[in-house]
Amino acid sequence: TTRASVVKAPTATSTVPGKYIGIADLPNQVLGDVGVGKSTLINSLFGVDVYGDDYVRAPPMRTGETVQVERNVFRIEAKGVRILVNVLDVPNFGQALDNSTTADTVGKFIDQQLHEYFEASHQKRSQVVREDGRVHCCLYVISPTGHGLRPLDIATMKSLGVRTNLIPVIGRADSLTMEERETFKETIRRQLKTHEIQVYYFPSDEDKDDSNMESTRTDEDMANLVPFAVIGGNTFLTGKDGAKIRVRRYPWGTLDVEDPKYSDLNLLRRLLLFHHLPDLVGITDGLHYSNYVREFLSRTIG
Ligand code: GDP
Ligand code: MG
């Protein structure tokens, strides 16, 4: 956990959001306890159905440990942006009796992807088309306990933060009242600071052309969006205009999960997919991958 913490994003590579960006292969990782709402979040965030046709389940990848990594590939197309997203899910996260090696295992998995990319860069001198299996972003889904982060969360996030762009998210945020949610968010922000967990903060300066709220947000505002509180849903209603609305149904009513009053889902999607994809890739290149290569070389060459 001693890697550099310079988080200055190099400028974008070939991907330009808002335009057709071709097919970028962008692995994301989703981590969190069983039942915290990870699969539902992926469905809601990417507008896909993990059990539907636009979903290809690749064989699980072995990490050599009890923790397995599942890979789901999604093709997403929205607002003229086409992306191939590679979502990694660790289904048994936190389920072992002894979770003391879990953080290491997850860290090793990310390092392994960085290493494969490094190896490939030696094999293909041209470097023109290189399959990018690196994890560019990890959504860490925190259980909505209201009690703050557990030692497992802290250890895992510490390990993740120095290897990839870590975005903490509170899952099933409807379990908390709005007051509880704010207090919980503050507690988590304090813990992130105390434990020196390196988090990815969306930059504030790239939404100038956006008429939405983000254009007036400062860096501090962006930092205070963390952890994003999300509500996901797998059911649909048909709106007046015939559009499908993704909702969560309760015995007493129905909630539109896109409603910014209750859920950061829409905001997170906008920032993640439509504004800052190149930034995430840029930081992988300029920070996490560089750090990995530097450490690897100093380890092997001495
Ligand atoms: P995973 O094990 O982390 O992948 O969790 P799932 O997405 O499978 O969700 C587990 C259960 O929680 C399911 O019954 C979901 O319908 C429910 N769930 C998912 N997201 C939410 C949410 O935002 N709020 C509430 N109340 N329940 C949710
Ligand atoms: Mg799941």
Would you check which residues across the stretch 159-176 are more than 16 Å from ligand 2 (Cβ to nearest atom) and over 9 Å from the mean Cα position of the chain (by Cα) and list them?
Ser159, Leu160, Gly161, Val162, Arg163, Thr164, Ile170, Ala173, Asp174, Ser175, Leu176
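Conditions (1) buried (at least 21 other Cβ atoms within 10 Å of the Cβ); (2) modelled with pLDDT under 95; (3) part of a loop (DSSP other than H, G, I, E, B), marked per residue:
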| site | (1), (2), (3) |
| --- | --- |
| Tyr140 | yes, yes, no |
| Asp153 | yes, yes, no |
| Thr156 | yes, yes, no |
| Ser159 | yes, yes, no |
| Pro168 | yes, no, no |
| Asp174 | no, no, no |
| Glu182 | no, no, no |
| Lys193 | no, no, no |
| Ile197 | yes, no, yes |
Residue hits (the stretch 271-288; surrounded by 19 or more Cβ atoms within 10 Å (Cβ to Cβ) and either under 30 Å from Arg249 (Cβ atoms) or of a type in the set (Ser, Thr, Tyr) (or both)) are Leu271, Leu272, Leu273, Thr284
Looking at (1) farther than 19 Å from Val162 by Cα; (2) out of contact with any Ser or Thr (no Cβ under 9 Å at 6 or more places or on another chain); (3) of a type in the set (A, V, I, L, M), find the lone condition where Leu297 falls short.
(1)
Just checking, how many residues over the stretch 33-46 are buried (at least 21 other Cβ atoms within 10 Å of the Cβ) and more than 6 Å from ligand 1 (Cβ to nearest atom)?
6
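Could you identify the single residue in His136, His122 that is surrounded by 15 or more Cβ atoms within 10 Å (Cβ to Cβ) and either over 15 Å from the mean Cα position of the chain (by Cα) or at pLDDT below 95 (or both)? It would help to see each step written out before you state the result.
Numbers: His122 fails: surrounded by 15 or more Cβ atoms within 10 Å (Cβ to Cβ).
Exactly one residue qualifies, and that residue is His136.
The values are calculated or read from the model by the stated rules, or taken from the named source; none is laboratory data. Values in this document were obtained by computation on a predicted structure and should not be read as measured data. A quick note on method: Cβ atoms are made from the backbone with ideal geometry, for glycine too, and the neighbour counts reach across all protein chains shown.
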